[in-house]
Amino acid sequence: MTSLQQANADRSSKRHKTESIKDVFNAAEAWERLIGYSKSGYASISEDDKDFVLKSFGVFDRPATPERFMIRVRVAGGALSIAQAMSVAYVAKKFGQDYIDLTTRQQIELRYIAIEDLPESLALLESVGLTSYQTGVDNFRNILLDPLDGLAEDNLIACHTLMHDIQSVFLKNDEWVTTLPRKFNIGINGSLSNRCNIFGQDFALTLAKKGDRYGFNLYLGGRVGHLAQSADMFLLPTQAKAVFVAVASLFKTYGFRDNRNKNRLKFLIDAVGMEEFRAAIENELGHSMSRGGETLSQSEGGDHYGSVPLNYGLKALYVPVPSGVFSGTDMFEAARIAEAQNGALRLTIEQNLILTGIRDEEMALTSPLFGKYPNRPSPYMANLIACAGSGHCPFGVIPNKPDAIAMGEYLHREIPITDAKIRLYWSGCIKGCGIHGAGDLGFVGCKVPRDGKTTLGVDIFLGGSLSHNDEEAKLFLKGIVLEEAPYYVAELMKLYRDTRYDGESLEQFIKRLRIHYKISEIAEIVRHNYTVTYEERSDFHHFERA
């Protein structure tokens, strides 16, 4: 018995109840039921279909918006054509109260969709090459790319073709639809910069060099709270698809199916060790693979607002969308600008939008879109991530998106900073969809005891990074009442404003600070300054969220 077989056997005495649903799952039959529900109405939907099956097609029942569904649209690599953007905008305006969420997986979420309108909504998306297939539950999720893949001056390997080759393995293929032990995130980065959270993925290919050849190093096992680890394997673009199939097959065959909190690829690798798992990949391939090369994607991650020079004298214009709250009307206007410039649209993992192929920057910036979403916004709003929160997600503890935006606006008013990069990442609960562990400051919604009652709060984390050389953010301030959180953060921002080097990002500042102080010592400084600044003032009034 191999170590993978033994690890699987050790975790096979029990199976989670969802495995029984998956055993009898048939994509074609489930799709027919979905179409049937649109005619028979919401009340006719079975509980298993609402809770699990419909999510296989990216259709999510949301109790926070009764009898209205969310559609999660797969946008491969975050690349939207003009026609696709127009279709998304049309569906949002006609069926979804003109509301759009941009997500941390370069996807689009449409909300408030009635069951009766689902077939037409999905058909409109499919007609322009978009799909919601396999964007939920135990599937391969949207593949992340550098949003400037094929365009940026530091993009050495264009990855869109490779991405579609890998996607073709599983998308709408019954062998892979809802058959994995757990969800599986994929990222590919052919650039020197890390603009796609590449080390946060289950399966990550990132730019590398070995000898005189450029290719990818393989990293495996990323998830919330854990960066992917090196598999010590260098591969050429022509080898990537086969390596993906090998890893996916091993996970499908030997991955754990008992405890859904410990079923991701990371736990299988932890059980056998990376070197053993690497050997299993080679066994699946039928040949050995080169040891890892030099990882080149080491630049500081995240979006850079303003305009970005591209190849061939073109530019990209960022449309910073705080917390990803967008609309169909906004999407129509973004598509109109891109069409006038013969460009296209790209989505980022920081929930922002990029207009590419810009030839006339001055003309583009006259659009009312940039009045609403300034191309050069406050640093507190440019790299601001927030997942759905309690307003749309059943797991959300706090509203989240409005909290994130309100804090950003408060900090901009009270502690204005220019020429800075500040990444504030908010998760509405511990599941971490706002990738709080990668933020300079990360926020996680929680409940906090106060004066004998329970109130809403956040745990605040410090020092996250998107680089493979660094680690996830660490707990900084625990159980802070939500209304008080902006004041604590303001004290840290004062230190940053007053003692940073010219052009130093918050990420760089925190790294420098941690050379001299433990996180607990930084927290003590912030707590002390908070007390002196606010609690000892008789005229102090608590922060009120909008």
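The values are calculated or read from the model by the stated rules, or taken from the named source; none is laboratory data. Not measured: the values here are computed from a predicted model. Cβ sites come from the backbone with ideal geometry, for glycine too, and all protein chains shown count toward neighbours. Areas reflect the complete protein model, heavy atoms only, side chains present, ligands, DNA and RNA absent. Shrake-Rupley method; radii C 1.70, N 1.55, O 1.52, S 1.80 Å.
Observations, loosely collected:
- Dividing the radius of gyration of the alpha carbons in the stretch 5-72 by their Kirkwood radius gives 1.10 for Rg/Rh.
- Panel values: the stretch 243-325, Kirkwood radius from alpha carbon pairs, Stokes-Einstein at 10 °C and 1.306 mPa s, translational diffusion coefficient 93 µm²/s.
- Equivalent ellipsoid dimensions for the stretch 248-380 as semi-axes, Å, which come from the Cα gyration tensor, largest first: 43, 19, 14
- Across the chain, Cα pairs under 8 Å and at least six residues apart give a relative contact order of 12 percent.
- No disulfide-compatible partner, judged by a Cβ distance under 4.7 Å, exists for the following cysteines of the chain: C159, C196, C393, C429, C446.
- Here the relative contact order of the stretch 18-127, from alpha carbon pairs under 8 Å that lie six or more residues apart, stands at 26 percent.
- For the stretch 230-315: accessible area per residue (Å², 1.4 Å): 43
- With all protein chains in place and ligands, DNA and RNA left out, the 1.4 Å accessible area ranks I188, I21, I430 as I430, I21, I188, largest first.
- Whole-percent carbon and sulfur share, accessible surface of the stretch 391-546, 1.4 Å: 51
- Taking all protein chains together and rolling a 1.4 Å probe, E294 ends up with roughly 110 Å² accessible.
- Normalised by the number of residues in the stretch 362-464, the mean separation of alpha-carbon contacts (under 8 Å, six or more apart) gives a relative contact order of 23 percent.
- Lysines with Cα under 27 Å of K93, excluding same-chain neighbours fewer than 8 positions away: K39, K50, K55, K372, K401
- Cα-Cα pairs of the stretch 184-313 separated by more than 18 Å (percent): 54
- Measuring nothing but protein heavy atoms, the accessible surface of the stretch 100-248 at 1.4 Å probe radius is 48 percent carbon and sulfur.
- With the convex hull drawn around the C-alpha atoms of the stretch 453-492, the volume per residue stands at 77 Å³.
- Rounded accessible area of T103 (nearest 10 Å², 1.4 Å probe): 20
- DSSP-loop GluC sites (Glu not before Pro) across the stretch 426-515, with at most 15 other Cβ within 10 angstrom: E471
- With the convex hull drawn over the C-alpha atoms of the stretch 153-246, the volume per residue is 105 Å³.
- Rolling a 1.4 Å probe over the heavy atoms of the protein chains gives the stretch 77-117 an accessible area of 28 Å² per residue.
- Reference-scaled alpha-carbon Rg (2.2 N^0.38 Å with N residues) for the stretch 312-417: 1.16
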